[in-house]
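The values are calculated or read from the model by the stated rules, or taken from the named source; none is laboratory data. Source: prediction; values computed, not measured. So basically every Cβ, Gly included, is an ideal-geometry build from the backbone, and we count neighbours across all protein chains shown.
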Amino acid sequence: MSFFQNLISSIKERSLLKSSYFRSKDFGILHDDIDKALESVMSKSGEISSLVFAEHLSRLIENLDDNKFIEFFESLHSNYDIDIEALSQASNQYSEIKTQENLELIFQASEPRWVELFKRLNTISEGTLRLVRLRERIRSLKQESPSLEFFDRSLLKLFKHWFNPSFLVLESIDWSTPANILEKIIAYEAVHEINSWDDLRARLAPDDRRCFAFFHPLMPNEPLIFVEVALSNKIPNAINEIIALDRSVTLDLDINTAVFYSISNCQEGLSGISFGNFLIKQVAHKLKQENDKLEKFVTLSPAPGFVRWLNDKSIDEGENEEILLKQALIYLTSSDRKDELPNDPVAKFHLGNGAILERINLNADLSSKGLNQSKGVMVNYLYNLETLEENHELFFKTKEVKQSDAIKSLRKKLQIQ
């Protein structure tokens, strides 16, 4: 943690120095006309002057209403796209003389000039966070303008480099974590709503509960993704066993199972970047190092597409639990998709990480959300740390759902082919 704090302090100090330097110099006119402000950013070659104009332009963009925002990016797409003539000339040069220098000219000419704008905006104070928020807004408006799709994809490509897993920092979240981070855990929880500070305390404070989050050094106050873990003496079959406020705490001597019961992505602007697979594996190894008595790593996961799937197939199981269980098995082990990947997005995520389908639980989530999305069904996926990579490779090669012996027996009993 001290290294992470020192890194953050260094970044903040550097940002303050730059801000002070900006105020002490005269860099020319900061135009209120956004097109002129854009031209200033794109035409400046000096590092400091470019930062000043980029900071100003970023504020102008953030203050645009939706219509002006769309107009700005449509104009940006038209005026700062790929220079076709330059690309053609570079290609011809390389076809005649195949040198590294001519190859690099092709790379430069094939990139839209507006990509350079994003790179410059990233250098300003909190630039990375502001670009993540910018992409959130672009994604919310891109149905209204085809041009925004270009910027959505371009930012995603940049973010995949900037948010490479090697840059991420894993931090433990507990009841002593600063309140501004805890407030965001409450706000970003996407699976099982946190309704109060008492509710949050019940998930973080007890000795048999853990929470871990990934952070990026350039967004130190914003979790990217977090996972909540219950340390238990068994594989749970209902969510209330885990999140009930009046539950009993599992003694350390009895703990043998780690249960990942909630994984929440926090940044819509980073949609399309997978952090969860790295998070689960890293947390599992960390927990194993802390407690060598841990024998099993499982999830208690929702099946959020199950009700929609039942409705699409006009299946009404009524009150018959055997029919519901049979349909859940079919939904989770067979695919109706063209790519033959699992019907359920959560199943696709865990199976793609190398987990296996361990158990299906009826009446496991009786909240309104649980009933409306999955008829109360929840699923245990088992993570065997020794076979994760093998399972991962096999899954994407064969598209087959790896199943526990109990699931196979249940399929046979219910006569599912």
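Quick rundown of the values:
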{"item": "The listed residue being within 24 Å of G370 (Cβ to Cβ), in contact with a helix residue (DSSP H, G or I) (Cβ under 8 Å, 6 or more places away or on another chain) and in the same structural domain as I235 (by TED's automatic domain parsing), out of L310, L270", "result": "L310"}
{"item": "Criterion: small (G, A, S) and at pLDDT below 95 - qualifying residue of S314, S404, S409", "result": "S314"}
{"item": "Per-region count, the range 278-306, residues assigned to a loop (DSSP other than H, G, I, E, B) and over 17 Å from A347 (Cβ atoms)", "result": "5"}
{"item": "Qualifying residue in the range 361-375 (condition: more than 19 Å from H192 (Cβ to Cβ) and in contact (Cβ under 8 Å) with a residue 12 or more places away in the chain)", "result": "no"}
{"item": "In the range 319-342, residue nearest to F275 (Cα to Cα) [restricted to those that are over 20 Å from the mean Cα position of the chain (by Cα), without any contact (Cβ under 8 Å) to a residue 60 or more places away in the chain and buried (at least 19 other Cβ atoms within 10 Å of the Cβ)]", "result": "Y331"}
{"item": "Members of the range 176-190 found to be closer than 19 Å to P206 by Cβ and part of a loop (DSSP other than H, G, I, E, B), listed by number", "result": "S176, T177, E189"}
{"item": "Flag if I106 is part of a loop (DSSP other than H, G, I, E, B) and farther than 20 Å from S78 by Cβ", "result": "no"}
{"item": "Filter result (part of a loop (DSSP other than H, G, I, E, B) and within 16 Å of the chain's Cα centre (by Cα)) within the range 222-263", "result": "E222, P223, L224"}
{"item": "Matching residues in the range 265-283 - criterion: being surrounded by fewer than 19 Cβ atoms within 10 Å (Cβ to Cβ) and more than 8 Å from the chain's Cα centre (by Cα)", "result": "N277, F278, K281, Q282"}
{"item": "Single condition Q100 does not satisfy, out of (1) under 25 Å from R135 (Cα atoms); (2) out of contact with any helix residue (DSSP H, G or I) (no Cβ under 9 Å at 6 or more places or on another chain); (3) polar (S, T, N, Q)", "result": "(1)"}
{"item": "Which listed residue, of I242, I194, I225, I186, is at pLDDT 95 or above, buried (at least 19 other Cβ atoms within 10 Å of the Cβ), within 22 Å of R133 (Cα to Cα) and not hydroxyl-bearing (S, T, Y)", "result": "I225"}
{"item": "Matching residues, the range 297-318, being touching a residue at least 60 places away in the same chain (Cβ under 8 Å) and more than 25 Å from the chain's Cα centre (by Cα)", "result": "L310"}
{"item": "Of residues in the range 122-150 being touching a Lys or Arg at 6+ places or on another chain (Cβ under 8 Å) and of a type outside the set (D, E), the one surrounded by the fewest Cβ atoms within 10 Å (Cβ to Cβ)", "result": "S125"}
{"item": "Which listed residue, of A54, A37, A90, is part of a helix (DSSP H, G or I), modelled with pLDDT under 90 and of a type in the set (G, A, S)", "result": "A90"}
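Okay, residues lined up against (1) at pLDDT 95 or above; (2) among the aliphatic types (A, V, I, L, M):
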residue: F214; (1), (2): yes, no
residue: F260; (1), (2): yes, no
residue: Q289; (1), (2): no, no
residue: V298; (1), (2): yes, yes
residue: S301; (1), (2): yes, no
